[in-house]
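Structure first, then comments.
The values are calculated or read from the model by the stated rules, or taken from the named source; none is laboratory data. Owing to the predicted nature of the structure, the values given are computational and were not obtained by experimental measurement. Cβ atoms come from the backbone with ideal geometry, glycine included; neighbour counts cover every protein chain shown. These area figures cover heavy atoms from the full protein model, side chains too; ligands, DNA and RNA do not enter into them. Shrake-Rupley method; radii C 1.70, N 1.55, O 1.52, S 1.80 Å.
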Amino acid sequence: MTISGARQGRGSPLPYQPLAGVVPGPGGWLAATAKLQGITMSPEDPKVFPTLLDVLDYKPAFRVIALFAAVGLADAPVSGGRRCDRSARQVLGWPRSGSVMSPPTRPALGCSNYREAVEANGGHLSPISWSLLPRVAEVDNDIAPYWQRTVFEVHAELSFYQLNDDSPLQFPKHASEGHDERRDLLKRRFPGVERIIDARIKRVRAAHLLDAAACLWTARRIAARAVSRIPEDPEWDSQGLRMEIVR
């Protein structure tokens, strides 16, 4: 796993590593950011970027972006989705495995209506996947293979699984019990996370903030090269992108 350096342009290296956990949400991309200096990670106020390019072009540039969105797509429908999606479900087990949705195929991204997208996706496309289609298309358009030195696909539920000592959480995240379970877990393991999960941002729900904070935790693990890759031997899509999820 290759990670880009922390040097900005031709100047001196930064005394810290800028990290981001990024999730799609209303109005763009919610980023939970932090400065990692040594072993100390200092969370910052989360912010919403209108486009993914705004995240990629941010200065100082993020050394690691843990992105809760599909990087690499299949060109034809496959039962159960990409191999990394199927493997992630196996790790989480039922019922948390239900949180891992298969991203649409690349041909579905150009469809102008739901019916066309369903047909292009092999006859199956959930309404949630349809609503996220513009975000998936944005990633597919903006992330070239060289970006995978900085941008890593993650899944928030796998991040919580790792935070919980490799055990799935008991409750779904949209239940009040699931919200409390995730919040308490983050507060125990991630000093200063209240700055993220207690933030108030227009149209951003508490679940978005919890997911972004969990992804930021994984960004720290990526920077420390302490993550595992799902699957260990990833597939590559037709655009040269590794189809993998890290945790």
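Find all pairs meeting these conditions: Cβ atoms under 6 angstrom apart; at least six residues apart or on different chains; first residue within segment 41-53 and closer than 15 Å to Asp211 by Cα; second residue in a loop (DSSP other than H, G, I, E, B) and of a type outside the set (Val, Ile, Thr).
Pro43/Gly192; Pro46/Ala199; Val48/Gly27
Looking at Arg82 and the list (1) at pLDDT 95 or above; (2) open to solvent by 30 Å² or more (accessible area, probe 1.4 Å); (3) more than 23 Å from Ala206 (Cα to Cα), which single condition is not satisfied?
Of (1) at pLDDT 95 or above; (2) open to solvent by 30 Å² or more (accessible area, probe 1.4 Å); (3) more than 23 Å from Ala206 (Cα to Cα), only one is false for Arg82: (2).
Of all residues in segment 214-232, which are part of a strand (DSSP E or B), open to solvent by 50 Å² or more (accessible area, probe 1.4 Å) and either of a type in the set (A, V, I, L, M, F, W, C) or more than 19 Å from Trp147 (Cα to Cα) (or both)?
Glu232
Conditions first: (1) more than 20 Å from Ile196 (Cα to Cα); (2) at pLDDT 95 or above; (3) in contact with a Pro (Cβ under 8 Å, 6 or more places away or on another chain); (4) open to solvent by 20 Å² or more (accessible area, probe 1.4 Å). Leu92 passes all but one, so which condition is the exception?
So Leu92 meets the others, but not (4).
Just the residues that are within 20 Å of Arg247 (Cα to Cα), open to solvent by 40 Å² or more (accessible area, probe 1.4 Å) and outside any helix (DSSP H, G or I), please, taken from segment 185-213.
Of everything in segment 185-213, just one residue is within 20 Å of Arg247 (Cα to Cα), open to solvent by 40 Å² or more (accessible area, probe 1.4 Å) and outside any helix (DSSP H, G or I), namely Pro191.
Select, from Pro127, Pro104, the only residue that is under 19 Å from Pro172 (Cβ atoms), out of contact with any Asp or Glu (no Cβ under 7 Å at 6 or more places or on another chain) and not aromatic (Phe, Trp, Tyr).
Details: Pro104 fails: under 19 Å from Pro172 (Cβ atoms).
Residue meeting the stated conditions: Pro127.
Tell me, please, whether a residue that is within 23 Å of Leu92 (Cβ to Cβ) and more than 19 Å from the chain's Cα centre (by Cα) can be found in segment 223-240.
yes
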